[in-house]
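Some notes on the structure that comes next.
Every read-out reported here was derived from the displayed coordinates using simple, explicitly stated rules and does not represent laboratory data. As the structure is a prediction and not an experimental result, all values here were calculated from the model. Backbone-built Cβ (ideal geometry, glycine too); neighbour counts: all protein chains shown.
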Amino acid sequence: LERGEVGSSRSSEERVPENNSTLAASVWCCTTSVLVLSLGTVRAFFVKSPPRLAQVLQRPAHLTTRAAPPRGPIPAKVGTAVKTMAAHEKKKKKSSDDDDADQDEGWYVAAFGGKMSDEYKAYMATEWGFEKRGDVPLFEKLCLEGQQAGLSWATILAKRANYRRAFHGFDIERCAAMTEADVDALVASTDAGVIRHRGKLASIPHNARKVLELTREAQAENATSAAPEHGHFDAFLWSFVGGAPRLNALASFSAMPCQTDESRAMAAALKKRGFKFVGPTTCYAFMQSCGLVVDHLRDTPEWRAARDRIHARHGGTTSEGAAEEGKKTKAETPAEEEELPPRRAPSKKKRAGSSS
């Protein structure tokens, strides 16, 4: 029994190496098969398909990476929020651009709410508040301001070239020679391009004749003295501001007056001589546009440029009432009001016609 047990135990020990050899052989066979299959696949991919190999070798590295899977749809609430923020930023940028544009174009663009034509902007930038001298230029501007009564200056400015053609460039003698038939023809014409208001159109030849009368009277009174540099009508109109521009210092557009003591005095003097459509409001608009008074808002680029022009003319002096380079308005200068002749209260009939 002992031998049998011993023998049986030895035989089992001897069989162990045989089992290990079989396992190793099986593993080797499996590994070899996998390698063979792998080599076959590689050969089929690279050897049998050389174009594909070339594509792989030439493809940039960043294209060989797998693209990220597409995202799902953005939730409705998130999409609405994103659109709202984008719209807000766009509106904010547009508002900022508009503010910059308004600042570059002048204070008057913002004052008029941006509703100004390019022609109107150019007029405000190059004519309004600039000193205008000469009988003909001043006569033209006074007549056009009269045409504006009850309308806007933008309407008259757009038709200014038509008025110049219809009234011979506002040559005073030629306008004075126009007849009632000429006026009737302008009223009836649809091609003249002017405001077909007979009273306004007839006032231009009428006022031209009054200018000639004023000139003849001035020449007779000053026969021994030299004629004014810019004409007698020019000297008459500029006398209401002492012969030189007056620089005001308005803080805002709402502080700009419609008429002043000077414009009321000018209107009264013109009406006394028989002029028509020359109310105090019309006269003040004329004074602003021709530079008799400068009403650009204080500390704006236009105001500073006007101040430099006024200081540069005739040794840098301005007429009385300029009030320390425009630091005070005309209303704050009592001496200016004292120089004006006393005025009686206008009658009801005159009040009704003061806006002409």
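Values as computed for the structure displayed
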{"read-out": "Charge context of residue 202, other residues only, Cβ under 12 angstrom, K/R +1, D/E -1", "value": "+2"}
{"read-out": "Relative contact order of segment 148-213, pairs being alpha-carbon contacts under 8 Å that are 6 or more residues apart, as %", "value": "34"}
{"read-out": "Mean Cβ count within 10 Å, highest first, over the residues of peptides 284-291, 238-245", "value": "284-291, 238-245"}
{"read-out": "Protection proxy ranking of 137-149, 202-214 - average other beta-carbon atoms within 10 Å, highest first", "value": "137-149, 202-214"}
{"read-out": "Rounded Å value of the spacing that divides the Cα centres of segment 263-295 and segment 149-170", "value": "18"}
{"read-out": "Packing-based order for 272-279, 110-117, using average beta carbon neighbours within 10 Å, highest first", "value": "272-279, 110-117"}
{"read-out": "23 Å Cα-Cα threshold exceeded, pairs from 159/276; 115/159; 115/276", "value": "115/276"}
{"read-out": "Mean Cα-pair separation over length for segment 121-237, i.e. relative contact order, pairs under 8 Å, 6 or more apart, %", "value": "30"}
{"read-out": "Net charge, residue 144 excluded, C-beta distance under 13 Å - Lys, Arg +1, Asp, Glu -1", "value": "+3"}
